[in-house]
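Written out below as structure tokens is the structure these notes cover.
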Amino acid sequence: MSEYLLDVRNLKKRFPINGGLLGREVGAVSAVNNVSFKIKRGETLGLVGESGCGKTTLGRSILRLIEPTGGEIIFDGEDIRTFDAQRMRALRRRMQIIFQDPYASLNPRMTVGAILSEPMEIHGLNKGKDARKKRLYELLDQVQMPRDTLNKYPHEFSGGQRQRICIARALAVEPEFIVCDEPVSALDVSVQAQVVNLMMDLQKDLNLTYLFIAHDLKVVEYISSRVAVMYLGNMVEVAESHELYGGSRHPYTKALFSAIPKPDPSLKQDRIILTGDIPSPMKPPNGCHFHPRCWQATDECKNKYPDLTKQSETHEYKCFNPIT
């Protein structure tokens, strides 16, 4: 058994743009471009980057909720891109997702009991009324919700409670890997802490593996074993959490992390303000995609895309002129 549960190799996702009278393809958006990374069993890989950089598309492509255009997705030693619909249906029991918006991801016409029972029925789990009820109570206990929750509807709960129900739904089929697509961004700060701590406890108890997508860099630092940074569909830096936050090498990562507010207002904060706008993914710049906004860019950056550089076994980046 490999120590890596997930091994993504050169994953691509391209969205065609159609136009004209005949609806022909007139362009394309490269939302994910040759992205490669690995996730060990039981660890959390945090995924950060600006809005529109391809984080959510990457997460959904890994689960094949969106079909990738190219690359390999090796899950537990098998390339799931070769799986037909029947094999993917069986595999979905091992791979789940927690969506960003707990208000939109729960069916308002179904009770919580029906919502949590649906994935069990699909996969033929916990058959029989008593076994099903016992499992439903277990799920509610795991996410710290009262048992009378089962007979209520989603609109009767707060955002944090709804997200707990979404977590319970993901756990209903006993998965190994969960894509957490900004699971706390729609919640109040105090509730965010409760949900993040709950997810960390569940990970320890159930040996779960997470891909944790988020905007909040402090939350990512808190929950993640390793962190990956995306920019315009490309992975630009990956490292252990403490290593990346303590000594990032890519200029974009440095600028991103400089926006993290300091808890003590008396401390001097060196902000790096990037100039210019994010380039269009329809027509990314030549060379390194970040060079139009980078204060360290050279002619080489404008003409050639950098290869992956290994600073150590756990720290990799793509940059010709890294921060020293």
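Each value in this text was obtained by applying a stated rule to the coordinates, not by laboratory testing. Quick caveat, the model's predicted, so the values are computed rather than measured. Please note: Cβ atoms are built from the backbone with ideal geometry, for glycine as well, and neighbour counts cover all protein chains shown.
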Cα axis of helix 159-171 to longest principal axis of the chain: angle in degrees, 0 to 90, nearest 10?
80 degrees
Multiplying the sequence separation of GLN311 and TRP295 by 0.36 nm and subtracting their Cα-Cα distance, what value in nm do you get?
3.6 nm
Net charge within 11 Å of THR69 by Cβ-Cβ distance, Lys/Arg positive one each and Asp/Glu negative one each, not counting THR69 itself?
+3
Check: in the stretch 96-253 the Lys pairs 8 or more apart or on separate chains whose Cα atoms fall under 25 Å apart number 7
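With the contact rule set at Cα under 8 Å and sequence spacing of 6 or more, what percent relative contact order holds for the stretch 187-324? Display every interim value, and only then the final one.
Numbers: 152 pairs, mean separation 28.8, N = 138.
Here the relative contact order equals 21 percent.
Give, in nm to one decimal, the length gained when the segment between GLU50 and ASN34 is fully stretched (0.36 nm per residue of separation minus the Cα-Cα distance). Working shown, then result.
Working: separation 16, 0.36 × 16 = 5.76 nm, distance 1.82 nm.
Stretched out fully, the GLU50 to ASN34 stretch lengthens by 3.9 nm.
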What does the C-alpha gyration tensor say about the overall shape of the stretch 1-140? Classify as rounded when a/c is under 1.5, otherwise prolate if a/b is larger than b/c, or oblate.
prolate
Peptides 153-159, 291-297 ordered by average Cβ neighbours within 10 Å, highest first:
291-297, 153-159
Taking only the alpha-carbon positions of the stretch 65-192 as identical scatterers, the Debye log10 I(q)/I(0) at q = 0.14, 0.19 Å⁻¹ comes out as -0.67, -1.10
Could you grab the relative contact order for the stretch 1-137? Cα pairs under 8 Å, six or more apart, rounded to a whole percent.
23 percent
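What length, rounded to one decimal in nm, is gained on full extension from LEU21 through to LYS133, with 0.36 nm per residue of separation minus their alpha-carbon distance?
Numbers: separation 112, 0.36 × 112 = 40.32 nm, distance 5.60 nm.
Length gained, LEU21 through LYS133: 34.7 nm.
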Relative contact order (%) - criterion: Cα under 8 Å, at least six apart; region: the chain:
20 percent
Packing-based exposure ordering (other Cβ within 10 Å, fewest first) of LEU65, LEU47
LEU65, LEU47
Count the net charge of all other residues whose Cβ sits under 12 Å from the Cβ of GLU182, scoring Lys and Arg as +1 and Asp and Glu as -1.
-2
On C-alpha positions alone, give me the angle between the axis of helix 189-206 and the longest principal axis of the chain, in degrees, nearest 10.
70 degrees
Can you give the FRET efficiency to the nearest 0.05 for ARG147 and ALA193, using r as the Cβ-Cβ distance and R₀ = 30 Å?
0.75
Can you tell me which of LYS13, LYS204, LYS268 moves the most in a GNM of the chain? Springs connect C-alpha atoms under 10 Å apart.
LYS268
Just in the stretch 58-127: which trypsin sites (Lys or Arg not before Pro) are loop by DSSP and have at most 11 other Cβ atoms within 10 Å?
ARG109, LYS127
Calculate, for ARG89 and ALA259, the FRET efficiency according to 1/(1 + (r/R0)^6) with r their C-beta to C-beta distance and R0 45 Å; round to the nearest 0.05.
0.60
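Add -39500 (n - 2.57) for each DSSP H run of 4 or more in the chain, then divide by its residues: what number comes out at 222 nm, to the nearest 500 deg cm²/dmol?
-9000 deg cm²/dmol
About the Cα centre of the stretch 76-230, how large is the charge dipole given +1 on each Lys and Arg Cβ and -1 on each Asp and Glu Cβ? Please answer in debye to the nearest 20.
Working: 21 positive and 21 negative charges, 117 e Å.
Around 560 debye, computed over the stretch 76-230.
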Give me the log10 of I(q) over I(0) for the stretch 158-311 at q = 0.14, 0.15, 0.17 Å⁻¹, as the Debye formula computes it from C-alpha points; what are the numbers?
-0.85, -0.94, -1.10
Which of VAL236, VAL32 has the fewest Cβ neighbours within 10 Å, and the rest in rising order:
VAL236, VAL32
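Return the percentage of antiparallel bridges among DSSP beta bridges fully within the chain, rounded to the nearest 5 %. Write down the numbers at each step before the final one.
Working: 29 of 46 bridges.
Roughly 65 percent of the DSSP beta bridges within the chain come out antiparallel.
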Can you tell me the 0 to 90 degree angle between the C-alpha axis of helix 129-142 and the longest principal axis of the chain, rounded to 10?
40 degrees
